[in-house]
Amino acid sequence: MILVGLEVGNLLTNCYIVGCEETKEAAVIDPGGDPGQILKVLAKNELILKKIINTHGHIDHIEGNRRLKDETGAEIVIHEADAPMLTSAGKNLSLFSGLMLNSPPADTQVREGDVISVGNTVSFRVLHTPGHTPGGISLVLEVGDRTLLFVGDTLFQGSIGRTDFPGGSYKQLIDSINQKLMVFPDETQVYPGHGPFTNVAFERKHNPFLV
């Protein structure tokens, strides 16, 4: 597996590029800006973009969708509950920053338990983790004996996602974290939508919203 992380956009969104070493096919998770930079990383690693996966529909996680799709033809994937946010500047919050940006519509709408496959070796299992948005998802990736969680804005190191945006719910978010993420083993690596990486053990012990 090939894994590259980079910060993109004005809000420093963590964008992750995950590729299959055998086929060189790749997914980009949350291209929240700087699509030119993302394309350069793909080219440097000789990767062919097949899937653009949005963990949710806020502008800082979808801003690069259009250019990436236009230049690669990659498929846009998002949870069915957040799919309307892609094409609405009001729903994806770009309207309130004066940008009026949107994305092409989803090619695939996923739900709990679906699997998103890339190449021969990369398969993400979808967890529906609402609370930050109604259709927020986390992605489970098994790599040998390691488990990686790409959690978007559901969980951060020592913190949690905001719930004061339209469609947000504090109770749903805490339930999502406790019932879907904290059930993984301590050593499970957590890759959030902003800020540093973490793991399940650290969050169980130190996250003030969970202890």
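Choose one of 96, 19, 160: the residue whose Cα lies farthest towards the positive end of the charge dipole of the chain (beta-carbon charges +1 Lys, Arg; -1 Asp, Glu; about the Cα centre).
My answer, from the dipole projection, is 96.
Work out the length of the dipole vector of the chain about its Cα centre, built from +1 on the beta-carbon of each Lys and Arg and -1 on the beta-carbon of each Asp and Glu, and round it to the nearest 20 debye.
Dipole of the chain, to the nearest 20 debye: 240 debye.
Suppose we take every Cα in the range 101-161 and form the convex hull; what volume per residue is that in Å³?
Hull volume over Cα atoms, normalised by residue count, gives 119 Å³.
Looking only at 53, 76, 174, which one moves most when the chain is put into a Gaussian network model with springs between Cα atoms under 10 Å?
Evaluated over the chain, the most mobile residue of the options is 174.
Counting Lys and Arg as +1 and Asp and Glu as -1, each charge on the Cβ, what is the dipole of the range 12-116 about the Cα centre in debye, to the nearest 20?
Rounded to the nearest 20 debye, it is 280 debye.
Across 5 Å bins from the origin, how do the percents of Cα pairs in the range 2-206 run, short distances first?
Taking every Cα pair in the range 2-206, the percentages come to 1, 8, 17, 22, 22, 16, 9, 4, 0, 0.
Measuring from centroid to centroid over Cα atoms, what is the spacing of the range 144-211 and the range 3-23 in Å?
19
Relative contact order of the chain, please, whole-number percent, based on alpha carbon pairs below 8 angstrom and at least 6 residues apart.
Over the chain, the number comes to 15 percent.
Which order do the peptides 55-62, 20-27 take when ranked by the mean count of other beta-carbon atoms within 10 Å per residue, highest first?
With the highest mean Cβ count within 10 Å placed first, the list reads 55-62, 20-27.
Considering only Cα-Cα distances, which of the following residue pairs are longer than 28 Å: 180/205; 24/91; 40/91?
Among 180/205; 24/91; 40/91, the Cα-Cα distance tops 28 Å for 24/91; 40/91.
If we count other beta carbons within 10 Å of each Cβ, what is the order of 94, 103, fewest first?
94, 103
So how do 143-153, 113-123, 30-40 stack up, highest first, on mean other-Cβ count within 10 Å?
Those peptides, ordered most packed to least, come out 30-40, 143-153, 113-123.
Counting other Cβ atoms within 10 Å, which GluC sites (Glu not before Pro) in the range 134-211 have at most 16 and lie in a DSSP loop?
Those satisfying the criteria are 187.
Please check: in the Gaussian network model of the chain (C-alpha springs, under 10 Å), which one of 189, 179, 109 has the largest mean-square fluctuation.
179
As an exercise, use a Förster radius of 30 Å and the Cβ-Cβ distance of residue 169 and residue 3 to find the FRET efficiency, rounded to the nearest 0.05.
Step by step, r from the Cβ atoms, then E = 0.45.
Taken together, the values in this text are just the output of simple stated rules run on the coordinates, not laboratory data. Predicted model only: the values in this text are computed from it and were never measured. All Cβ positions, glycine included, derive from the backbone under ideal geometry; neighbour counts span all protein chains shown.
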